[in-house]
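S.K.: Sharing a structure with you now.
The values are calculated or read from the model by the stated rules, or taken from the named source; none is laboratory data. This structure is a prediction, so every number in the text was calculated from the model and none was measured. Heavy atoms of the whole protein, side chains included, go into the accessibility calculation; ligands, DNA and RNA do not. Shrake-Rupley method; radii C 1.70, N 1.55, O 1.52, S 1.80 Å.
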Amino acid sequence: MLLDKVSKEFYCIITNNKLKHIMFHDLRRSCASLLILKDVPMKNLQEWLGHTNFNTTAGVCLHLS
């Protein structure tokens, strides 16, 4: 699976450069929080994240704030 390969490559980059360990998926949440700070409409964020339910996006955003 492509995502597994990307996650493994990301882990290698983090490890080889002695960076703080984070999961590849954490980058998605970081991006979402930056978009919220830039006042990107929640509906746009929902579409970009691929959430079919608006409440899922709102829950993520509430968690981030």
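S.K.: Average projected area of the Cα convex hull of the chain, in nm²?
M.R.: The Cα convex hull of the chain, projected and averaged over all directions, gives 5.3 nm².
S.K.: Helix-only estimate, please: 222 nm mean residue ellipticity of the chain, summing -39500 (n - 2.57) across DSSP H runs of length 4 or more and dividing by its residues, to the nearest 500.
M.R.: -21500 deg cm²/dmol
S.K.: Here's another thing I want to ask about it. Go through region 45-59 residue by residue and turn each phi into a ³J(HN,Hα) via Karplus (6.51, -1.76, 1.60, θ = phi - 60°); whole Hz please, and just put x for glycine and proline.
M.R.: Each residue of region 45-59 in turn: 4, 4, 5, 5, 6, x, 7, 7, 10, 4, 5, 5, 5, 4, x Hz.
S.K.: Sorting ASP39, ASP26 by accessible area (1.4 Å probe), largest first, what list results?
M.R.: From most exposed to least exposed: ASP39, ASP26.
S.K.: Need the list of aspartates and glutamates near LYS8 for cross-linking: C-alpha distance under 15 angstrom, and skip anything on the same chain fewer than eight residues off.
M.R.: ASP26
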